[in-house]
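Comments concern the structure below.
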Amino acid sequence: MSTLLNISKIDMVFPTPNGDFTALKEVDLQIKKGEFISLIGHSGCGKSTVLNIVAGIHQATKGGVLLNNKEVLEPGPERAVVFQNHSLLPWLTAYQNVELAVDQVFKKTFTAPERKEWIEHNLKLVHMEHAMHKRPDEISGGMKQRVGIARALAMKPEVLLMDEPFGALDALTRAHMQDSLMDIQEELNNTVIMITHDVDEAVLLSDRIIMMTNGPAATIGEVLEVDLPRPRDRLSLAQDVEYNRLRSAVLTFLYEKQRKVEPLNHGQKKQQNAPTNKKVDVA
Amino acid sequence: MIKAFSKSGFNTLNNDFMSQWFVRISTTVKAIMLPIVGIAFFLGLWTIAANNIDTSLGQFPGPKAVGTQIVNLYQEHVDSREKEQAFYQRQELRNAERLKKDPNYPAKIRDYTGKETFLDQIITSLVTVMSGFLLAVIIAIPLGISVGLNKSLNLAINPIIQVFKPVSPLAWLPLVTMVVSAVYTSDAPMFDKSFINSMITVTLCCVWPMVINTAIGVSSINQDWLNVSSVLRLPSLVHVRKIILPASIPAIFTGMRLSLGIAWMVLIAAEMLAQNPGLGKFVWDEFQNGSSQSLSRIMTAVFVIGFIGFLLDRAMLKIQRFVSWDKTTVNR
Ligand SMILES: Nc1ncnc2c1ncn2[C@@H]1O[C@H](COP(=O)(O)OP(=O)(O)OP(=O)(O)O)[C@@H](O)[C@H]1O
Ligand SMILES: [Mg+2]
């Protein structure tokens, strides 16, 4: 199959008060239709930045992104995003949040009853039918994240971009969501880029794992092909030799090759301390 | 052993239950009693102070004098309404008689021109403040949204807002009065000039806090929500209606409540200054009157002004609770 999404040698430089900060350097990646890609790397290396460039929210300083050989210049519904912190609109119910997206994208193609059915279908897909008329502040974190996923899926995007979609969830809900996502992916054959911190999640879900080096000037360190047969079952995989080989490959990359030497400062936001971490030559 | 255990378990449960009730009752008692104690204390102090202040218009009014005036003022209102009705009835009778004698007689009814009562003045002030406030909402919210959305417009308009904001609207009053009498010339005016003057003064003092708060609300909207909008490629109008407006409702209401409070204070002063009908004029007339009752009537007006101000704020809060999604900002 041919390339659907071409991330072509992108550099990203952020201007900061202390001078320019190169977040990404020569990130180059080609993704086929229906592929499930995971981006993994240490916090602050630039995963969200890559995703935001593909989404069109940021523009790369050098290089560019091609979707179906057309350059990505602005955000659009064909590249739906599940944001790192769900970003549901708090004044709308779960249903209305999805409705806003569906009405915008399928205004012309669907009739009103068809749209209603489609909204409900997508909320059912993420098992939210019982709480679809509740507002975000009335549902749990996991439910919010599921509505965020339903909203993105309902746009029938060519590429689904997910920024740590399960990051805020407890282990049980997380496993459940991963299984649902595999089912949905099986059914709809979406092209997905997912950012994760979780090695098991990456191996379980992906066709390819993209491992990023530490910033500044982060780039793709290694690419790991995951050739496990689908459908995948987390229990039986736990004993699988190939699964464990892949898992330790990712772990080796993260904790040996790209070990973080800087001290961990937990309470602080990476956005704030990052510009001071890097070394800038002030003439 | 088991028995003892369960018994002690029951006991602690019971104790918990009792102490919970105790806490609940004591908080309710506190919530009711403390304000009563406060008010009683205030009334006592006021009575003592009033007894010890002698003015050229007699003794300073205490709670009792104010109580009497409330009854008086209401009675005056009722009397005045009766007079008015009698006045119209007399005219109708007279017209009917004339028509009997001469069928071609053009029947006339003259308007009643009695003095406005206290209640009339309250209504006038309320109508004025609401009209001025609504006019300000119509101007300020679209302006605030545009300023919040557009950085260049913000830079262009900000100095003007910053200079005009601290100006007391009373300083505008003479200018407003002159401009209105020059511009608002119609043979059958729909509104009194004095009403227009007071209303514009109210609008002038409401506009700035509303524009500023709306603009701040709009320009500090969560970036994630803006990203959602841009991923969906919402057209600008939908973007404003579905994202910007609801997201900044809490800030907009903060500005609205702030300005309604100021507006009520300013309106009373403006009515006093310009002799425009309303509670301010009532206070001023009583002061000029200088009868033995004047001070207690003014004191009554002071309480009524305070109470209405309080009710206006409560009403805004109720509306805010109804429209706003952000319940946390409402409880302040
Ligand atoms: N708007 C910006 N201005 C300046 N620097 C930025 C900006 N956005 C991101 N950065 C920097 O770019 C680097 C990459 O940030 P990014 O958010 O992409 O990291 P991440 O890999 O997603 O981290 P995490 O896993 O913690 O979400 C960080 O050092 C960050 O400080
Ligand atoms: Mg991130």
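The values are calculated or read from the model by the stated rules, or taken from the named source; none is laboratory data. Fair warning: this is a prediction, and the values are worked out from it, not measured in the lab. Cβ coordinates were reconstructed from backbone atoms using ideal geometry, including for glycine residues, and neighbour counts include every protein chain displayed. The protein model used for the area step is the full one, side chains on, heavy atoms only, and it has no ligands, DNA or RNA in it. Shrake-Rupley method; radii C 1.70, N 1.55, O 1.52, S 1.80 Å.
Go through the range B:131-168 and count every residue that is open to solvent by less than 60 Å² (accessible area, probe 1.4 Å) and either in a loop (DSSP other than H, G, I, E, B) or not assigned by TED's automatic domain parsing to the domain that holds B:Ala301 (or both).
So the count comes out to 2.
List every residue pair whose Cβ atoms lie under 7 Å apart, where the two residues are 6 or more positions apart in sequence or sit on different chains, the first residue falls within the range A:74-101 and is touching a residue at least 40 places away in the same chain (Cβ under 8 Å) and more than 7 Å from every other protein chain (Cβ to nearest Cβ), and the second residue, located anywhere, is polar (S, T, N, Q) and in a loop (DSSP other than H, G, I, E, B).
Taking only residues 6 or more apart or on different chains, not a single pair turns up.
For (1) surrounded by 12 or more Cβ atoms within 10 Å (Cβ to Cβ); (2) under 19 Å from B:Lys165 (Cα atoms), each residue gets a yes or a no:
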position	(1), (2)
B:Val179	yes, no
B:Thr185	no, no
B:Met190	no, no
B:Val207	yes, yes
B:Ile212	yes, yes
B:Ile221	yes, no
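Quick one: what pairs do we get from the range A:193-206, first residue among the hydrophobic types (A, V, I, L, M, F, W, C), second within 14 Å of ligand 2 (Cβ to nearest atom) and in a helix (DSSP H, G or I), C-beta under 8 Å, 6+ apart or different chains?
These pairs meet every condition: A:Ile193/A:Leu51; A:Ile193/A:Val54; A:Ile195/A:Lys47; A:Ile195/A:Ser48; A:Ile195/A:Leu51.
Given the criterion open to solvent by less than 60 Å² (accessible area, probe 1.4 Å) and over 30 Å from B:Ile249 (Cα atoms), identify the matching residue among B:Thr117, B:Thr128.
B:Thr117
Is at least one residue of the range A:160-179 in a loop (DSSP other than H, G, I, E, B), within 30 Å of B:Val228 (Cα to Cα) and more than 16 Å from ligand 1 (Cβ to nearest atom)? Outline the logic, then answer.
Kept after step one, since they are in a loop (DSSP other than H, G, I, E, B), are these residues of the range A:160-179: A:164-170.
Keeping just the survivors that are within 30 Å of B:Val228 (Cα to Cα) gives A:164-170.
Narrowing further to those that are more than 16 Å from ligand 1 (Cβ to nearest atom): A:170.
The answer is yes; a qualifying residue exists.
Looking at the range A:180-283, what helices (runs of 4 or more DSSP H) fall wholly within it and have at least 3 residues that are away from ligand 1 (no atom under 15 Å from the Cβ) and at pLDDT 80 or above? Break it down into steps so the answer makes sense when it comes.
On the way: elements: A:199-205, A:234-237, A:241-252, A:270-277.
Of the helices (runs of 4 or more DSSP H) lying wholly inside the range A:180-283, those with at least 3 residues that are away from ligand 1 (no atom under 15 Å from the Cβ) and at pLDDT 80 or above span A:199-205, A:234-237, A:241-252.
List the helices (runs of 4 or more DSSP H) inside the range B:191-291, counting only whole elements, that have at least 3 residues being hydrophobic (A, V, I, L, M, F, W, C) and in contact (Cβ under 8 Å) with a residue 40 or more places away in the chain.
Here the list reads B:193-219, B:245-274.
Could you check how many residues of the range A:1-41 are over 26 Å from B:Val228 (Cα atoms) and in contact with a helix residue (DSSP H, G or I) (Cβ under 7 Å, 6 or more places away or on another chain)?
2
Does the range A:46-56 include one or more residues that are within 14 Å of chain B (Cβ to nearest Cβ), in contact with a helix residue (DSSP H, G or I) (Cβ under 6 Å, 6 or more places away or on another chain) and open to solvent by 10 Å² or more (accessible area, probe 1.4 Å)?
Looking for residues that are within 14 Å of chain B (Cβ to nearest Cβ), in contact with a helix residue (DSSP H, G or I) (Cβ under 6 Å, 6 or more places away or on another chain) and open to solvent by 10 Å² or more (accessible area, probe 1.4 Å), one finds none in the range A:46-56, hence no.
So if I check each of B:Ser230, B:Ser259, B:Ser248, which one is open to solvent by less than 10 Å² (accessible area, probe 1.4 Å), within 14 Å of chain A (Cβ to nearest Cβ) and of a type in the set (Gly, Ala, Ser)?
Working: B:Ser230 fails: open to solvent by less than 10 Å² (accessible area, probe 1.4 Å); B:Ser259 fails: within 14 Å of chain A (Cβ to nearest Cβ).
It is B:Ser248.
Test of understanding: among A:Asp179, A:Asp163, which residue is more than 24 Å from A:Asn52 (Cα to Cα), open to solvent by less than 80 Å² (accessible area, probe 1.4 Å) and within 20 Å of the chain's Cα centre (by Cα)? Working first, answer last.
On the way: A:Asp163 fails: more than 24 Å from A:Asn52 (Cα to Cα).
On inspection, the qualifying residue turns out to be A:Asp179.
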